[in-house]
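**Q** If you scroll down you'll find the structure; I have some questions about it.
None of the figures in this text is laboratory data; all of them are computed from the coordinates on show. Computed from a prediction, not measured in an experiment: that's the story for all the values here. Cβ: placed from backbone, ideal geometry, glycine included. Neighbour counts: every protein chain shown.
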Amino acid sequence: MNAGTRSALFALLDDCDASDAAATSRLYTGFVREHICTDVAMLDAVCAAAEGEMREGLHAVVLGDYEFGRDLEFGFDGQIFEAAEGDLVAESAPDVERDAGVELLIDRRHHSML
């Protein structure tokens with residue numbers, strides 16, 4: 001990412017049930033940095049870094065993919081494995097170009113929206 005595209009980054013969490021009485025959609029702008037975690041063992045350190053920034057008034061949007069969540073939940077390492085009955089439980093997609101992971105986008109501003 002170059003400096004010209006940084007200001008164009010935003011996250012919109014749209015709530016279809018938002019109303020005038022409950023503006024529950026959120027827009028995050030003012031991108032500062034990102035923290036990326038592709039190793040479950042590093043998740044606590046990445047979260048601690050984001051927590052420190054949130055204490056300073058910044059906001060975090062967490063993006064996590066299925067594979068990372070599966071690995072975190074089941075201690076799975078991305079290879080095919082079978083249940084005791086022989087049923088296929090999970091398989092990594094061979095065309096995935098990056099490691100499974102969690103990305104935390106750190107932003108300066110948060111706006112409540114309809």
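**Q** Find out how many positive minus negative residues lie around residue 13, taking Lys and Arg as positive, Asp and Glu as negative, among other residues whose Cβ is under 13 Å from that of residue 13.
**A** So the surrounding residues net to -3.
**Q** Using the Karplus equation 6.51 cos²θ - 1.76 cosθ + 1.60 (θ = phi - 60°), what ³J(HN,Hα) coupling, rounded to whole Hz, does each residue of the range 42-54 give in order, writing x for Gly and Pro?
**A** Working through the residues one at a time gives 9, 4, 4, 5, 5, 5, 4, 5, 5, 4, x, 5, 5 Hz.
**Q** Taking amide H positions as placed 1.01 Å from N in the peptide plane, with prolines and chain starts having none, which residues 5 or more places from residue 32, or on another chain, fall under 5 Å of its amide H?
**A** 106, 107, 108
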